[in-house]
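Heads up, the thing below is written out as structure tokens.
The values are calculated or read from the model by the stated rules, or taken from the named source; none is laboratory data. This structure is a prediction, so every number in the text was calculated from the model and none was measured. Don't worry about glycine lacking a Cβ; one is built from the backbone with ideal geometry, like all the others, and counts go over all protein chains shown. Keep in mind that these areas ignore ligands, DNA and RNA; they rest on the heavy atoms of the full protein, side chains included. Shrake-Rupley method; radii C 1.70, N 1.55, O 1.52, S 1.80 Å.
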Amino acid sequence: MRCNYCERRCRIASGETGFCRMYTVSQGVITERFPHRWSACGTSRMEAFPFYHVFPGSRSLAIGTTSCNFRCRYCSNAYIAKEDPESQQERMYHLAPREVVAMAKKMSCRTIVFNVNEPTVSLPSLMDLAAEAKAAGIPMGCLTNGFMTAESTELMASIFSFFNVSLKGISKTFGREYIGASSLRPVLRNIERLAGIRHVEVTTPVIEGANDTEIDAIADFLGSVDPEIPWHVFRLLPEDEMRDRDYPSIEAIDAALRSARERLPYLYFHNFVGSDWVNTACPACGTVAIERFSLGCGGDKLNRVLGGEGQCPGCGRAIRLFTHSPHAGDEGAVRTWT
Ligand code: SF4
């Protein structure tokens, strides 16, 4: 039987597992192997995630499961993403959706963000959680590699109100050599689709000698979709199979981004202490509307929001922000997978 959650479209025999080892076939149906098991469930400030335009300064409940459908050679989370998920079950939290939502409410979290690994490998649990979270008025967001099928993209748009899609590269060569994906075109397709219906931010971790030559092409693509997509360029500190590589030069990436900044007003460059590319400036007049500190790998911190929320303090132009509850917009119902 074929699993259509992501573009690997694994063929899975009864009792066997697919590439990510998170789904099996049981009674002729693709079934999640470890429902409602979480590798993380704790609070975080929003600026610790690459979500600069979602409820600035708010508290969020960060959750995650295990495994991934990519095999990035530089993975900074390999012990969660690459280890056999079965061997990790002993240390997982087993929490029903209402318990996760109760924790979010108790800790005054404005949102729930799936940020540890790839959500595509745990969609049935996330559908259950989204139903509970929507009833409580808590929007959910996720960090994803964007490699889901077109059908899963629609499903995820019904689960999550805001997305950060990691666009790691754009060329076939990069996808094959560094990620283990034959093509990254599905990621581009899904960014285009999601940007039309949900709040989307994009992240690109830059690895010197691997994808630093693709910065301009990525900027062109994002500009063609929507120049006001917030784009987070990370200086990636390679780990796992590439931990012997040098850290990327801040100066070289800074220089490579200068022309992109002309086209993409919400372009950020972070993952090092003291970056001055972490404020949000008005696309029209350049006045700083949101000020942050860069704390390096620990994420960043809000300093202050100037002017009214979502408005430039200089000229009054709208600054793109996601700040509404799932009941205020066009979120729709959580879909069931067919
Ligand atoms: S979600 Fe997992 S099992 Fe399904 S197609 Fe992707 S890698 Fe294969």
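Observations on the structure shown:
- Computed [θ] at 222 nm, deg cm²/dmol, the chain (DSSP H ≥ 4; -39,500 (n - 2.57); rounded to nearest 500): -6500 deg cm²/dmol
- Here the extension length gained between ALA318 and SER44 equals 96.0 nm, from 0.36 nm per residue of separation less the Cα-Cα distance.
- Under-5 Å amide H pairs with VAL206, H placed in peptide plane, nonlocal only: PHE234, ARG235, LEU236
- Surrounding net charge for ARG245, when Lys and Arg each add one and Asp and Glu each subtract one, Cβ distance under 10 Å: -3
- Extension gain from ARG263 to ALA131, taking 0.36 nm per residue of separation minus the Cα-Cα distance: 43.7 nm
- The mean sequence distance of close C-alpha pairs (under 8 Å, at least 6 residues apart), as a share of the length of region 200-267, puts its relative contact order at 43 percent.
- Within region 1-41, GluC sites (Glu not before Pro) in DSSP loop having at most 13 other beta-carbon neighbours inside 10 Å: GLU16
- Considering only alpha-carbon pairs that sit under 8 angstrom and 6 or more positions apart, the relative contact order computed for the chain is 15 percent.
- Nearest-20 debye value, the chain charge dipole, Cβ charges on Lys, Arg, Asp, Glu: 640 debye
- Placing +1 on each Lys and Arg Cβ and -1 on each Asp and Glu Cβ, with no other charges, gives region 273-319 a dipole about its Cα centre of roughly 60 debye.
- For the set MET127, MET103, MET1, solvent exposure ranked by accessible area (probe 1.4 Å, protein chains only) runs largest to smallest as MET1, MET103, MET127.
- Taking region 84-204 and dividing mean pair separation by its residue count, relative contact order in percent (alpha carbons under 8 Å, at least six apart): 22 percent
- Cα shape, the chain, gyration tensor, a/c 1.5 rule: oblate
- Each Cα pair of region 73-200 feeds into the Kirkwood radius, which the Stokes-Einstein equation turns, at 10 °C and 1.306 mPa s, into a diffusion coefficient of 100 µm²/s.
- Amide H contacts of GLU201: PHE163, ASN164, VAL165, each under 5 Å away and 5 or more positions distant or on a separate chain (H built 1.01 Å from N in the peptide plane; Pro and chain starts excluded).
- Exposure ranking of ASP84, ASP246 by accessible area [1.4 Å probe, largest first]: ASP246, ASP84
- For the set THR66, THR31, the ranking by accessible area, highest first and with no ligand, DNA or RNA atoms included, is THR31, THR66 under a 1.4 Å probe.
- Selection from LEU237, PRO265, GLY307 lying farthest towards where the dipole of region 203-322 points positive, charges on Cβ: GLY307
- Less than 5 angstrom separates the built amide H of ASN117 from those of THR65, all sequence-distant by 5 or more or on a different chain.
- Among 155-163, 91-99, the order from most to least packed when residues are scored by Cβ within 10 Å on average: 155-163, 91-99
- Compared with the dominant principal axis of the Cα atoms in the chain, helix 123-135 is inclined by about 60°.
- Antiparallel bridges, percent of DSSP beta bridges restricted to the chain (to nearest 5): 45 percent
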